[in-house]
1. Could you tell me which of the pairs Lys184/Lys213; Lys15/Lys81; Lys146/Lys182 are separated by over 21 angstrom between their Cα atoms in the structure shown?
2. Post the alpha-carbon centroid distance, region 252-270 to region 64-79, in whole angstrom.
3. Taking the simple approach of a point 7 Å from Cα along Cα-to-Cβ for both Glu28 and Val6, what is their distance in nm?
4. Determine which aspartates and glutamates satisfy two conditions relative to Lys91: a Cα distance under 15 Å, and not lying fewer than 8 residues away in the same chain.
5. Please list 3J(HN,Hα) in residue order for region 173-189, calculated via the Karplus relation 6.51 cos²θ - 1.76 cosθ + 1.60 where θ = phi - 60°; whole Hz, with x for glycine and proline.
6. Tell me which aspartates and glutamates have Cα within less than 20 Å of Lys70's Cα, excluding those fewer than 8 residues away on the same chain?
7. At 7 Å along Cα-to-Cβ for each site, give me the label-to-label distance between Ser287 and Ser198 in nm.
8. Could you work out the helix-only [θ] at 222 nm for the chain, with each DSSP H run of four or more residues adding -39,500 (n - 2.57) and the total divided by the number of residues, to the nearest 500 deg cm²/dmol?
Amino acid sequence: MPSTNVLLSVVDLKKYFPVRGKRLFQKERPYLRANDGISLDIFQGETYGLVGESGCGKSTFGRTVLQLQKPTSGEVLYYGKGDKIDLARLKPTEMRALRRDLQIIFQDPYSSLNPRMTVGQIIEEGVATHKFFKRGSKEMQDYVLKIMEDCGLRSDMLHRYPHQFSGGQRQRVSIARALAVKPKFIVCDECVSALDVSIQSQILNLLVDLKKKEGLTYLFISHDLSVVRYLSDRIGVMYLGRIVEQGRAADVFENPRHPYTIALISAIPTVEKKKERQILLGGSMSSAVFPPKGCPFHTRCFMAQEICQRVPVPLVDVGNGHFAACHFAHKTTAEKRKIAYEKAEK
Ligand SMILES: Nc1ncnc2c1ncn2[C@@H]1O[C@H](COP(=O)(O)OP(=O)(O)O)[C@@H](O)[C@H]1O
Ligand SMILES: [Mg+2]
């Protein structure tokens, strides 16, 4: 069960990438605003699901939170050591000491696993770095085998290489590697997206089991809403480098208030009979180099009015810890769907 203790508090996080090729007569150097002012809390023991189209800035967020790349500005407050620590202000050596607590699992375990190391060596590496046990010792081998067992890997796989495994097994290896250093927080970045659907659920079940057993906290990143729904306590919906909706998973799925979320949910394939109609969005995500003025979603929004082109909109509280960055946040899901359907008829 998630607690009310904040483990990680992200405050106005920005990550801008310089864009090459300055235009003539342009005053400032252009930047791609991959994360443009993100604030959110992640509670101890919860799974926070982060969703949004490809390119909206999810991976950038995961990497920047873990300080795998330096934020342009903002704070990442970590409470896992008792005191408040701003990860964004730590020196590399200080950050190294915290690495153990903060792990990441990527989409493609093939490129993130060293092909020249055996599974045993891969799992052992972090354990040795953090000096739990000596490399090559009996204790180390017992520990590695225990972790492998926890992750559903047979002991005879110890001396095999990543290429000898299936995609699902390779993902188990990268989970084992992350888990072996006893982390507190794991970013799962599209970690089942490359797998067949049947294998996906096995890996998701493993992540859910391990979380319970080890008291972990996840930031679960995926472009696939059905995956996120399955295991998230809360959900954040990202668009063009910002959080546009956030709330408890059930609230966001049953009562989405941002037109973007409403459209995303309508596109989830479902076996249920009473499926709502799909709402198709016009156009594609705007450029994060020259984001639209006002609400960044107005260029594709079926609700858009004149105000949306002019006035930026913060996250509006609609109750129960549910927020939507929409000028019409208080209009119900049903009212918004009706407007979308009417627009589609025209
Ligand atoms: N290292 C980088 N340098 C320049 N641009 C980047 C870099 N990393 C990501 N981007 C850009 O930032 C935006 C967000 O990317 P990303 O965070 O990978 O999105 P997502 O994970 O949601 O698909 C994209 O436009 C991407 O091209
Ligand atoms: Mg990504």
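Each reported figure results from applying straightforward, stated rules to the coordinates on display, with no laboratory input. From a predicted model like this one, the values you see are computed outputs, not experimental measurements. Every residue, glycine as well, gets a Cβ built from its backbone with ideal geometry; the counts of neighbours run over all protein chains shown.
1. Too far apart for the 21 Å limit: Lys15/Lys81.
2. Cα centroid of region 252-270 versus Cα centroid of region 64-79: 29 Å apart.
3. 2.7
4. Glu75
5. These are the phi-based 3J(HN,Hα) values: 5, 6, 5, 4, 4, 5, 5, 4, 8, 6, x, 9, 9, 10, 8, 9, 9 Hz.
6. Reachable aspartates and glutamates: Asp12, Asp36, Asp41, Asp86, Glu94, Asp101, Asp189.
7. Result: 4.6 nm between the two label points.
8. After summing the helix terms and dividing by residue count, I get -9500 deg cm²/dmol.
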